[in-house]
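The values are calculated or read from the model by the stated rules, or taken from the named source; none is laboratory data. It should be emphasised that the depicted structure is a prediction, and the values quoted were computed from it without experimental measurement. Note: ideal-geometry Cβ built from the backbone for every residue, glycine included; neighbour counts use all protein chains shown. Only protein heavy atoms, including side chains, enter the accessible area calculation; ligands, DNA and RNA are left aside. Shrake-Rupley method; radii C 1.70, N 1.55, O 1.52, S 1.80 Å.
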Amino acid sequence: MTFQDFHFNHKLQDGLNAMGYKNPTPIQEQAIPLILAKRDLIACAQTGTGKTAAYLLPILNNIIHSDHRHLNTLIIAPTRELVQQIDQQVEGFAYFTGVSSIPIYGGGDGAVWDQQKKALEAGVDLMIATPGRLIAQLASGVIDLKHVQHLVLDEADRMLDMGFHDDIIRIIKYLPPSRQTLLFSATMPQRIRTLANRILREPVEVTIAISRPADGIVQEAYLVNDDQKEKLITHLLKGSNFSSALIFASTKEKVKHLGRLLPKLGLPSKAIHSDLEQSEREEILREFKNKQLNLLIGTDVLSRGIDVEGIELVLNYDVPPDPEDYIHRIGRTARAASTGHAITFINQFDQRRFGQIESLIGCEISKANLPEGFQSSFVYNPYSKQRPDKPRNTHARNSNSNKRFFKKRS
Ligand code: AMP
């Protein structure tokens, strides 16, 4: 199948051609006809499946064909990075169409909002917003959602994890009931279904099987004690010839620490975390995208938000708290069917969680031998105990995915 088979408006097709999109991905093949047919949709699909284009293309096609132009579509997404990336995709697809969009997210100064306000007053077709910022701005009265025809909730599970449920419900009260609603979520816990029952009308459900890491990713892991991790990461990075690599750590403190340590050890890198100003974060991401910066360190929030071509190496400094975050983290490499390398450090307390990841992806990940000069002090045991002094799986999605894991195994 090719995108021509959807018979999109030729201006939209020109945008697709310019962006080099030829064949739709499975989620696009399934979702686009349903969205064009004006159905409400629940789609279980993760980042990396092409879900953004799956909803943007039919919506843009609809906007091009509508004769009365007003704020037609509202897309709500959990983080400003994701909002910006959706906005960039709109810009690409809509380049020849005259459709306009505006990103609305927090963290900017007053001048940003003044700019956004002017754009809104001039009229835009499509708004992409984080829930908190949108709620704050709805009170200003500049944003009129009365004519919105399409509502998209992107990464709905992450938004609920971040505590946005009530904000979403409040925003929806500003929308007309006769809209089309599309809900995209990487996971489908009960609370997503409850939300869907509340805000969608006779939705069709599309599930892209639980995503497995792309075939092009070579995955391996090192069994390594915490006190050897700094030495090992330096050894591996210095010995590898990457032009773009991402390091993930599960806490902001570790991210900051590595951001201070690695440059001192001769590995130019930057850490991105929530204590930075938004403009600083944007600058770092820009440098990373342009390959001026070759090594970037961040937490799982980055794994959801970042869409950069050509990342060759993802290094997990620790095992991510949630098995699905592993897929998100390593999915930053080998994008669009290229190849990549993913390395994970497992300490003795993280073995069980790594076993959960292997169970989720349905295969055992190869454990590499430690280089010379390193001492391995344990043999891999995915049933070993977790660190006793630290409660694990404290956030809701973690406990859900673990429940699923244990169910599957029993
Ligand atoms: P997403 O899952 O929406 O985050 O998309 C993942 C990446 O795949 C993005 O970089 C998209 O630009 C790219 N992509 C999505 N759909 C296609 C397609 N049909 N052909 C080529 N690249 C695509």
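Observations
- For region 187-283, trypsin sites (Lys or Arg not before Pro) meeting the loop criterion (DSSP other than H, G, I, E, B) and having at most 13 other Cβ atoms within 10 Å: R201.
- In sequence order, calculated HN-Hα J values of region 165-171 (Karplus, 6.51, -1.76, 1.60; Hz; x Gly/Pro): 3, 5, 4, 4, 4, 5, 4
- In region 217-367, one over the average inverse separation of all distinct C-alpha pairs is 15.4 Å, which is the Kirkwood hydrodynamic radius.
- Phi angles across region 174-182 convert, under the Karplus curve 6.51 cos²θ - 1.76 cosθ + 1.60 with θ = phi - 60°, into 3J(HN,Hα) values of 7, 9, x, x, 7, 7, 9, 10, 10 Hz, Gly and Pro given as x.
- Most fluctuating residue given options L82, L267, L16, as computed from a GNM of the chain linking Cα atoms under 10 Å: L267
- Largest mean-square fluctuation among R69, R80, R158, in a Gaussian network model of the chain whose springs join Cα atoms under 10 Å apart, belongs to R69.
- Rounded accessible area of E202 (nearest 10 Å², 1.4 Å probe): 150
- The charge dipole of region 230-341, taken about the Cα centre with unit charges on the Cβ atoms of Lys, Arg (+1) and Asp, Glu (-1), comes to about 400 debye, rounded to the nearest 20.
- Largest first, the residues S269, S240 sort by 1.4 Å accessible area into S240, S269.
- Placing R329, R286 in order of accessible area, with the largest value first and a 1.4 Å probe, yields R286, R329.
- With only Cα atoms counted, the chain has Rg and Dmax values of 21.8, 70 Å.
- Note on surface exposure: S250, S377 rank S377, S250 by accessible area, highest first, 1.4 Å probe.
- Accessible area per residue was computed with a 1.4 Å probe on protein heavy atoms; T47 scores about 30 Å².
- Evaluating 6.51 cos²θ - 1.76 cosθ + 1.60 at θ = phi - 60° for every residue in region 247-253, the Karplus couplings come out as 10, 10, 10, 8, 10, 4, 4 Hz, glycine and proline recorded as x.
- For the pair region 142-169 and region 4-65, the centres of their Cα atoms are 20 angstrom apart.
- Over 31 Å between alpha carbons, listed pairs K252/K289; K51/K117; K254/K367; K11/K270: K11/K270
- The residues of the chain have, on average, 44 Å² of accessible surface per residue, using a 1.4 Å probe with all protein chains present.
- Once the Cα atoms are used to define both axes, helix 278-289 deviates from the longest principal axis of the chain by about 70 degrees.
- Charged-residue dipole, Cβ positions (Lys, Arg, Asp, Glu), the chain about Cα centre, Debye nearest 20: 960
- For Q180, the amide hydrogen comes within under 5 Å of the amide hydrogens of H150, L151, counting only partners 5 or more places away or on other chains and with H modelled in the peptide plane.
- The heavy atoms of V379 present about 120 square angstrom of accessible area, all protein chains included, probe 1.4 Å.
- In the chain, the portion of solvent-accessible area held by carbon and sulfur atoms comes to 50 percent [1.4 Å probe, whole percent, DNA, RNA and ligands not counted].
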